[in-house]
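Working notes, beginning with the structure itself.
The values are calculated or read from the model by the stated rules, or taken from the named source; none is laboratory data. Just so you know, these numbers come straight off a predicted model, no measurement behind them. Note that each Cβ is placed from the backbone with ideal geometry, even for glycine, and that neighbours are counted across all protein chains shown. Note: areas computed on protein heavy atoms with side chains; ligands, DNA, RNA excluded. Shrake-Rupley method; radii C 1.70, N 1.55, O 1.52, S 1.80 Å.
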Amino acid sequence: MKIAVIGTGYVGLVTGTCLAETGNEVICVDIDQEKVAQMRAGVVPIYEPHLDVLFERNIKANRLRFSTSLAEGLEHGDIIFLALPTPEGDDGSADLKYVLNVSEEIGTLINEYKVIVDKSTVPVGTADKVRDVIAKRASCDFDVVSNPEFLREGFAVDDFLKPERIIIGSSSERATKLMQKLYSPFVRSGNPIIVMDEKSAELTKYAANAFLATKITFMNEIANYCEKVGADVDQIRAGIGADSRIGKRFLFPGIGYGGSCFPKDVKALQKAGKDEAYDFKILNAVIEVNAKQKTILVPHILSYFNNDLKGKRIAIWGLAFKPETDDVREAPSIDIMRALLDKGAQLTVFDPEAMPNIKKQFGDALTYADSMYEALDNAEALVICTEWSIFRTPNYKELKQRLSHPVIFDGRNLYNVNDMESEGFTYISIGRKAIHQ
Ligand code: NAD
């Protein structure tokens, strides 16, 4: 099939590349000329495991190409995916300007039947808006489908190639059949393609992200309470995770959720509720607790340094909002680093992939280390913000040699508390016994 993907970010590029991998001819369109030039030169503009191999293979096979021209994409594609940003607007709602502006342009350009597929995360009613905007300008037949994306950054290629489910929101039999045909190679193992109306499809995405954000936040609250009463959140996690009604995943406490999706999507659903005079009380609490959780380590750090961080060098491991990505949008590391810098600390940071993106925001305010160990040199404490695998089993001897004091504030509970005690570290983690020595 002939496909165009409009917007070539984390979702669009993965979508385009994976659809090319199953034999479709794909054009990825983006307004960012630099990005398009990079991709044309064979460079993947984001870090996403395994994407580079598929990217290269499909470019070589002439199934994947790039353009800055929406007209070219529209002329080529029978199915046009919109993978455009829907950032948080001033009032917390999803800002639809990218989706609606492109829809307007599509309305003026379209001259034969196409299926316009909204892959961006958008509020209930957006498919109707897109349809209206296009219909006002177009003279030919077309369909609008809602097809929310559930891929996880860091596992995006795997998730796209082997999705647990595909949601198609469509009221058109013709468009539904095309979408089912397009996605059939991805569900050969029997995972469902669930067809529903557009509004339900749009809300399914928000419900999924809001539920996951709530699950994380609930566990963070249990962890915070553990610290008050001397219980161990790891044991509680094992205890409740064994219950199949609860499940083992998303029960790890930490320094809150970040990223380009959960924060804005939870807020957008809260605001969408308000617009209908519905108060999502549970989401109000999730947003409030998560905002606090992101800097939950800061009071511990201040108390360790007797409230005086002036001139203190602190190492930061992990900047991305989660491992296996270079995405730093809404990353807890940002809130922690801002709080520490405000208090006069000097920060040396290391992340395997996210340093260039953090540098765009922090510039020379941080020292950027070439390795995780180099970041420790002369630091009086280490703060861990992202659970990258390489941080999981460090050389404790080297850690102690390089740090001027063996002190770790672990926002991701990477280490065993008893091990840290016997290794001689002062070790503060989330929802577990604090070790002071
Ligand atoms: P992104 O910011 O990484 O990429 C968006 C791309 O769209 C950018 O490259 C930008 O240059 C391009 N763009 C902007 N305006 C354009 C225009 N007029 N024409 C062509 N291109 C244009 O965003 P993303 O993370 O890929 O997210 C896209 C959508 O998918 C959002 O709604 C997001 O909520 C949703 N989503 C994201 C994820 C994720 O993990 N990132 C997962 C599921 C859903």
Note to self: Please verify whether Lys97 is open to solvent by 20 Å² or more (accessible area, probe 1.4 Å), within 14 Å of the ligand (Cβ to nearest atom), in the same structural domain as Cys28 (by TED's automatic domain parsing) and among the basic types (Lys, Arg), treating the condition exactly as stated.
What the structure shows: yes
Note to self: Take Thr17 and tell me if it is buried (at least 24 other Cβ atoms within 10 Å of the Cβ) and in a loop (DSSP other than H, G, I, E, B).
What the structure shows: no
Next item on the list: For region 164-175, indicate whether the set of residues that are assigned to a loop (DSSP other than H, G, I, E, B), farther than 30 Å from Thr386 by Cβ and open to solvent by 40 Å² or more (accessible area, probe 1.4 Å) is non-empty.
Entry: yes
Checklist line | Which listed residue is more than 15 Å from Asp91 (Cα to Cα) and open to solvent by 60 Å² or more (accessible area, probe 1.4 Å), from Lys312, Lys274, Lys292 | finding: Lys292
Check: Which one is farthest from the chain's Cα centre (by Cα) among residues in region 58-69 that are hydrophobic (A, V, I, L, M, F, W, C) and either closer than 9 Å to Ala20 by Cβ or surrounded by fewer than 19 Cβ atoms within 10 Å (Cβ to Cβ) (or both)?
Finding: Ala61
Check: Within the group Phe81, Phe150, which residue is in a loop (DSSP other than H, G, I, E, B), modelled with pLDDT of 95 or more, within 16 Å of the ligand (Cβ to nearest atom) and not charged (D, E, K, R)?
Finding: Phe150
Check: Got at least one residue in region 41-62 being within 22 Å of Val328 (Cβ to Cβ), in the same structural domain as Tyr183 (by TED's automatic domain parsing), within 10 Å of the ligand (Cβ to nearest atom) and not acidic (Asp, Glu)?
Finding: yes
Notebook entry, point to check: Taking interchain pairs and intrachain pairs at least six residues apart, which have beta carbon atoms under 6 angstrom, with the first residue in region 111-128 and in the same structural domain as Lys97 (by TED's automatic domain parsing) and the second among the polar types (S, T, N, Q)?
Noted result: Val117/Asn147; Asp118/Ser146; Lys119/Asn147; Ser120/Thr86; Thr121/Thr86; Val122/Thr86; Ala127/Ser146
Check: So, in region 213-239, of the ones that are of a type in the set (S, T, N, Q) and out of contact with any helix residue (DSSP H, G or I) (no Cβ under 7 Å at 6 or more places or on another chain), which residue ends up most open to solvent (accessible area, probe 1.4 Å)?
Finding: Gln235
Note to self: Glu88 - would you say it is more than 24 Å from Asp197 (Cβ to Cβ), away from the ligand (no atom under 11 Å from the Cβ) and either outside the structural domain of Asn209 (by TED's automatic domain parsing) or not hydrophobic (A, V, I, L, M, F, W, C) (or both)?
What the structure shows: no
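Here is a yes/no grid of residues against (1) surrounded by 19 or more Cβ atoms within 10 Å (Cβ to Cβ); (2) in a loop (DSSP other than H, G, I, E, B); (3) touching an Asp or Glu at 6+ places or on another chain (Cβ under 9 Å):
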residue: Ile27; (1), (2), (3): yes, no, yes
residue: Glu48; (1), (2), (3): yes, yes, yes
residue: Asp52; (1), (2), (3): no, no, no
residue: Glu56; (1), (2), (3): no, no, no
residue: Asn101; (1), (2), (3): no, no, no
residue: Thr108; (1), (2), (3): no, no, no
Notebook entry, point to check: Could you list, in sequence order, the residues of region 154-163 that are out of contact with any Cys (no Cβ under 8 Å at 6 or more places or on another chain) and either open to solvent by 20 Å² or more (accessible area, probe 1.4 Å) or not in a loop (DSSP other than H, G, I, E, B) (or both)?
Noted result: Phe155, Ala156, Asp158, Asp159, Lys162
